[in-house]
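Handing you this structure, nothing more for now.
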Amino acid sequence: STAPEMIKVEKKDKICLITLNRPKAMNSLCSQLITELSAELKQCDEDPEVRAIVITGSKKFFAAGADIKEMEERTYQENFAQNYLTNWFNVAATRKPTIAAVNGYALGGGCELAMMCDIILAGDKAQFGQPEIKLGTIPGAGGTQRLVKAIGKSRAMELVLTGDFMGAQEAQQRGLVSRVVAEDNLVEEAMNVAKKIAGYSLPMVMMAKECVNQSFETTLATGLLYERRMFHSTFAYFDRREGMSSFLNKKKPEFKDS
Ligand code: CO8
């Protein structure tokens, strides 16, 4: 496979830092960029040297949405036949933990991309929005679904129907983002969160992620059963015993991912 052109990939300390890098179009998410991103995430899932993933953009743009130039000429028939943009959902299917570090604009598909990640950290000047309505269309990658679950119906509806943007502070107060960080420290802080997660047992991290995500898909009773069965299964692991005996012996656990 050829080297990606629209994302920058740096792997160190068991973290993969992916920087969306299409400055001439405000990091708008054209097919090539999404194809490169989903291929890289799949590789991260398979790479034992990667234990957490950070996705970021530039200081001014996380991503300004899907590429409007690319979309303009498309027809319904092509969209349906080619299942247009379905590969976006590979981002949400990533099994290792993903952190979106959002500086600047996260609009349309950019906001949807951030919401496909497990944790969103926002720089203090970040702006979130689903402005598709201004283009005569509607969100197509989770903007009418994940945003409602994150911030509630009324405000989500207002953002989707008006196309207005929401700033970082408000996004944090409403629960879309976990924390607001000074713009210049954002990526470093996201890397710190990733490093902390990367220090734990990877299968436990992946199971915990799967359980939290399950809460969006099922009833409470089914979700609780899912969680309990997964919890039971952790007792099949060396790491579970290592974690508990290390605590009791006041030493640092040495997890083996097994
Ligand atoms: N696509 C293509 N080009 C873009 C995009 C975009 N999304 N956003 C900005 N650009 C381009 C502009 O056309 C302009 O190009 P040029 O320099 O050639 O004129 C350049 O970037 C700079 O843009 P502005 O002059 O507008 O810069 P401002 O600083 O004035 O404004 C904004 C910045 C607010 C980000 C503004 O550019 C804007 O509103 N952009 C559009 C945002 C938008 O509508 N996003 C939603 C797109 S639709 C979408 O995401 C649907 C997703 C569906 C996914 C479906 C999956 C199944």
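The values are calculated or read from the model by the stated rules, or taken from the named source; none is laboratory data. These figures come from a predicted structure and were not determined experimentally. Note that each Cβ is placed from the backbone with ideal geometry, even for glycine, and that neighbours are counted across all protein chains shown. All accessible areas refer to the heavy atoms of the entire protein, side chains included, with ligands and DNA or RNA removed. Shrake-Rupley method; radii C 1.70, N 1.55, O 1.52, S 1.80 Å.
Considering only residues that are among the small types (Gly, Ala, Ser) and assigned to a loop (DSSP other than H, G, I, E, B), look in the range 162-193 and name the one that is farthest from residue 148 (Cα to Cα).
182
So, residue 49, is that one under 20 Å from residue 4 (Cα atoms), touching a strand residue (DSSP E or B) at 6+ places or on another chain (Cβ under 9 Å) and exposed (fewer than 15 other Cβ atoms within 10 Å of the Cβ) or not?
Considered against the rule, which asks whether it is under 20 Å from residue 4 (Cα atoms), touching a strand residue (DSSP E or B) at 6+ places or on another chain (Cβ under 9 Å) and exposed (fewer than 15 other Cβ atoms within 10 Å of the Cβ), residue 49 comes out as yes.
Here is a further query. Please determine, by comparing only the residues of the range 125-151 that are among the small types (Gly, Ala, Ser) and within 19 Å of the chain's Cα centre (by Cα), which one is farthest from residue 186 (Cα to Cα).
Within the range 125-151, the match that is farthest from residue 186 (Cα to Cα) is 140.
Oh, and also: Taking the condition within 12 Å of the ligand (Cβ to nearest atom), open to solvent by less than 60 Å² (accessible area, probe 1.4 Å) and either farther than 25 Å from residue 9 by Cβ or outside any helix (DSSP H, G or I) (or both), does residue 156 pass?
No; evaluated as a whole, the condition is false for this residue.
List, please: which pairs have Cβ atoms under 9 Å, are six or more places apart or on different chains, and start with a residue in the range 199-225 that is on the phi < 0 side of the Ramachandran plot and end with one that is exposed (fewer than 13 other Cβ atoms within 10 Å of the Cβ) and among the basic types (Lys, Arg)?
Qualifying pairs under 9 Å: 201/256.
Would you call residue 202 surrounded by 12 or more Cβ atoms within 10 Å (Cβ to Cβ) and within 16 Å of the ligand (Cβ to nearest atom)?
no
Looking at (1) under 26 Å from residue 184 (Cβ atoms); (2) touching a Ser or Thr at 6+ places or on another chain (Cβ under 7 Å); (3) open to solvent by less than 60 Å² (accessible area, probe 1.4 Å), which is the only condition residue 66 fails?
Going through (1) under 26 Å from residue 184 (Cβ atoms); (2) touching a Ser or Thr at 6+ places or on another chain (Cβ under 7 Å); (3) open to solvent by less than 60 Å² (accessible area, probe 1.4 Å) one by one, residue 66 breaks only (1).
I've got another one for you. What about residue 175, is it open to solvent by 20 Å² or more (accessible area, probe 1.4 Å), touching a residue at least 24 places away in the same chain (Cβ under 8 Å) and small (Gly, Ala, Ser)?
yes
Write out, first by first residue and then by second, each pair whose Cβ atoms fall under 7 Å of each other, whose residues are 6+ apart or on separate chains, and whose first residue, in the range 9-25, is touching a residue at least 40 places away in the same chain (Cβ under 8 Å) and over 18 Å from residue 197 (Cα atoms) while the second is of a type outside the set (Phe, Trp, Tyr) and open to solvent by less than 70 Å² (accessible area, probe 1.4 Å).
That search, which allows pairs on different chains as well, returns 20/7; 20/27; 20/33; 20/57; 20/63; 25/67.
Check off (1) under 10 Å from the mean Cα position of the chain (by Cα); (2) open to solvent by 70 Å² or more (accessible area, probe 1.4 Å) for residue 118 and give me the number that stays unchecked.
Tallying (1) under 10 Å from the mean Cα position of the chain (by Cα); (2) open to solvent by 70 Å² or more (accessible area, probe 1.4 Å), residue 118 fails exactly one: (2).
Any idea which residue in the range 125-136 is surrounded by the fewest Cβ atoms within 10 Å (Cβ to Cβ), counting only those that are out of contact with any Asp or Glu (no Cβ under 9 Å at 6 or more places or on another chain) and touching a residue at least 24 places away in the same chain (Cβ under 8 Å)?
My answer is 134.
Just to be sure before I move on: is residue 56 of a type in the set (Ser, Thr, Tyr), more than 18 Å from residue 111 (Cβ to Cβ) and either open to solvent by less than 50 Å² (accessible area, probe 1.4 Å) or more than 14 Å from the ligand (Cβ to nearest atom) (or both) in the structure I sent?
Judged against the criteria, residue 56 is not a match.
Any chance the range 95-113 includes a residue that's small (Gly, Ala, Ser) and surrounded by fewer than 20 Cβ atoms within 10 Å (Cβ to Cβ)?
No, the range 95-113 has no match at all.
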